[in-house]
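Trainee: Starting off with a structure, shown below.
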Amino acid sequence: MLANNYSYQDCLNHSVKNAWTIDDCFKGRDFDFTKRFLPDRIAGVEGISCLEADEKLKLNQIRGNSYCHIFAFVEEYIVPMVLDHARRDVYGDETRLRFLLRFAEDETKHQAMLKRAMTQFETGFGQSCGVIPGREDVAEIVLGKSPLTALLLTSMIEWFTQLHYVEHVRDEDNLDPLFHDLLRYHWIDEAQHAKADSLLIEEITAAMSEEEKQAAIGELLELGMAIDGLLAQQVDMDIAALEASTGRTFSDGEKAEIREHQQRSYRWTFIVSGLEHPRFVETVGDVTNAGLAKIAGAATALSS
Ligand SMILES: [Fe+2]
Ligand SMILES: [Fe+2]
């Protein structure tokens with residue numbers, strides 16, 4: 001039994017009260033390319049010794065663009081997943097149904113918002129930056145795992161989305177204001193989604209055996225490793241984008257230094273900050289105590 005105080009009614013009330021549109025977020029603005037888009041805890045560029053300040057700024061902005069892409073990418077599977085859970089009890093609790101339909105609609109809105117951000121980015125940055133392909137293939141792989149695995153992955157993503165904004169972005173005054181707002185508006189919805197994930201996990205684990213729950217943790221870690229492989233591809237695409245935008249060709253040693261910093265940063269941003277999030281750890285512990293050591297071990301391995 002999960003020990004949370006969440007309810008679909010509470011999620012629905014917050015969602016209705018804080019509803020927003022993509023235009024509310026953009027307010028007709030473009031990005032300011034004299035500013036950083038992300039705090040360094042997320043972008044991980046400041047410690048790279050072979051880059052000058054203007055090159056670090058460009059890499060920070062390239063990371064902003066890939067941040068948008070990777071969120072749109074991983075959220076691809078969440079829409080069909082949430083709709084499946086909504087259908088499971090379509091004539092049951094009306095409040096649950098109303099919130100889950102809003103949840104799915106929120107994610108389609110986020111995808112449209114993030115894609116618009118990437119279009120504006122390309123225009124303002126002056127070149128297109130490579131981003132990892134295969135979002136539909138990845139969605140198929142995630143949805144091919146057990147429903148608990150997909151929900152655990154979603155819970156992890158939705159908790160780290162909040163952590164990124166609340167702990168690392170909200171109080172940063174010097175970020176590009178539009179990018180700051182993209183993260184703020186996303187966080188408003190994700191704060192409710194993360195609670196609903198816990199409620200859905202509670203519903204489906206009630207009828208699951210300990211073996212099935214442990215298998216889901218194993219599958220989650222397999223997905224984490226697959227995501228890590230995709231992030232490594234994104235690092236190389238970012239280095240190519242940085243070379244194109246600066247007109248500089250990096251030596252093998254310089255590329256290795258950038259790759260090392262960026263791999264550590266991508267891992268923290270998209271995997272470790274989720275695996276270590278206290279609410280996510282609590283959720284895993286509620287599902288099965290045996291999962292705690294496994295996720296802690298994975299977080300440690302990806303932090304080295
Ligand atoms: Fe989202
Ligand atoms: Fe979400």
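The values are calculated or read from the model by the stated rules, or taken from the named source; none is laboratory data. Only a predicted model underlies this, so the values are computations on that prediction, with no experimental measurement involved. Glycine gets a Cβ as well: all are built from the backbone with ideal geometry, and neighbour counts include every protein chain shown.
Trainee: Anything in the range 151-173 that is among the acidic types (Asp, Glu) and surrounded by fewer than 20 Cβ atoms within 10 Å (Cβ to Cβ)? List them, or say none.
Mentor: Looking only at the range 151-173, we keep the residues that are among the acidic types (Asp, Glu), and these are 158, 167, 171-173.
Scanning the range 151-173 gives GLU167, ASP171, GLU172, ASP173.
Trainee: Next question. In this structure, is PHE71 within 24 Å of THR149 (Cβ to Cβ), modelled with pLDDT under 95, touching a Ser or Thr at 6+ places or on another chain (Cβ under 8 Å) and not in a loop (DSSP other than H, G, I, E, B)?
Mentor: yes
Trainee: Just wondering, is there one or more residues in the range 54-64 that are surrounded by fewer than 15 Cβ atoms within 10 Å (Cβ to Cβ) and either in a helix (DSSP H, G or I) or touching a residue at least 24 places away in the same chain (Cβ under 8 Å) (or both)? So that I can check it myself, show each step before the final result.
Mentor: Within the range 54-64, the first condition is being surrounded by fewer than 15 Cβ atoms within 10 Å (Cβ to Cβ), and the residues that meet it are 54.
Retained after the next criterion (residues that are either in a helix (DSSP H, G or I) or touching a residue at least 24 places away in the same chain (Cβ under 8 Å) (or both)): 54.
Among the residues of the range 54-64, at least one is surrounded by fewer than 15 Cβ atoms within 10 Å (Cβ to Cβ) and either in a helix (DSSP H, G or I) or touching a residue at least 24 places away in the same chain (Cβ under 8 Å) (or both), which makes the answer yes.
Trainee: Considering only the range 157-197, state which residues are farther than 22 Å from THR119 by Cα and away from ligand 1 (no atom under 16 Å from the Cβ).
Mentor: GLU167, HIS168, ARG170, ASP171, GLU172, ASP173, ASN174
Residues are listed down the side, and each one gets a yes or a no for (1) touching a Gly at 6+ places or on another chain (Cβ under 9 Å); (2) more than 24 Å from LEU231 (Cα to Cα):
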| position | (1), (2) |
| --- | --- |
| LEU57 | no, no |
| ARG88 | no, yes |
| ARG102 | no, yes |
| GLN127 | no, no |
| ILE132 | no, no |
| GLU140 | no, no |
| PHE160 | yes, no |
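Trainee: Just to be sure I understand the filter: pairs with C-beta atoms under 6 Å, separated by 6 or more residues or on different chains, first member in the range 8-36 and touching a residue at least 40 places away in the same chain (Cβ under 8 Å), second member buried (at least 16 other Cβ atoms within 10 Å of the Cβ) and acidic (Asp, Glu). Which pairs pass?
Mentor: Listed pairs, sorted by first residue: CYS25/ASP181; PHE31/ASP176; ASP32/ASP176; LYS35/ASP176.
Trainee: Can you pull out every residue in the range 244-276 that is touching a Leu at 6+ places or on another chain (Cβ under 6 Å) and either outside any helix (DSSP H, G or I) or of a type outside the set (Phe, Trp, Tyr) (or both)?
Mentor: ARG267, ILE271, VAL272, SER273, listed by residue number.
Trainee: Could you identify the single residue in LEU148, LEU83 that is among the aliphatic types (A, V, I, L, M) and surrounded by fewer than 19 Cβ atoms within 10 Å (Cβ to Cβ)?
Mentor: Working: LEU148 fails: surrounded by fewer than 19 Cβ atoms within 10 Å (Cβ to Cβ).
The conditions single out LEU83.
Trainee: Moving to a separate point now. Kindly indicate the residue of the range 86-105 that is buried (at least 23 other Cβ atoms within 10 Å of the Cβ) and under 20 Å from the mean Cα position of the chain (by Cα) and also nearest to ligand 1 (Cβ to nearest atom) among those meeting that condition.
Mentor: PHE103
Trainee: Can I ask one more? When residues of the range 177-207 are filtered for being crowded, with 23+ Cβ neighbours inside 10 Å and farther than 26 Å from ARG87 by Cβ, how many remain?
Mentor: Counting residues in the range 177-207 that are crowded, with 23+ Cβ neighbours inside 10 Å and farther than 26 Å from ARG87 by Cβ gives 3.
Trainee: Scanning for something of a type in the set (Gly, Ala, Ser) and within 12 Å of ligand 1 (Cβ to nearest atom), does the range 106-115 turn up at least one residue? Step through it out loud before you land on a result.
Mentor: Step one: of the range 106-115, the residues of a type in the set (Gly, Ala, Ser) are 112.
Filter again for within 12 Å of ligand 1 (Cβ to nearest atom), leaving 112.
Scanning the range 106-115 turns up at least one residue that is of a type in the set (Gly, Ala, Ser) and within 12 Å of ligand 1 (Cβ to nearest atom).
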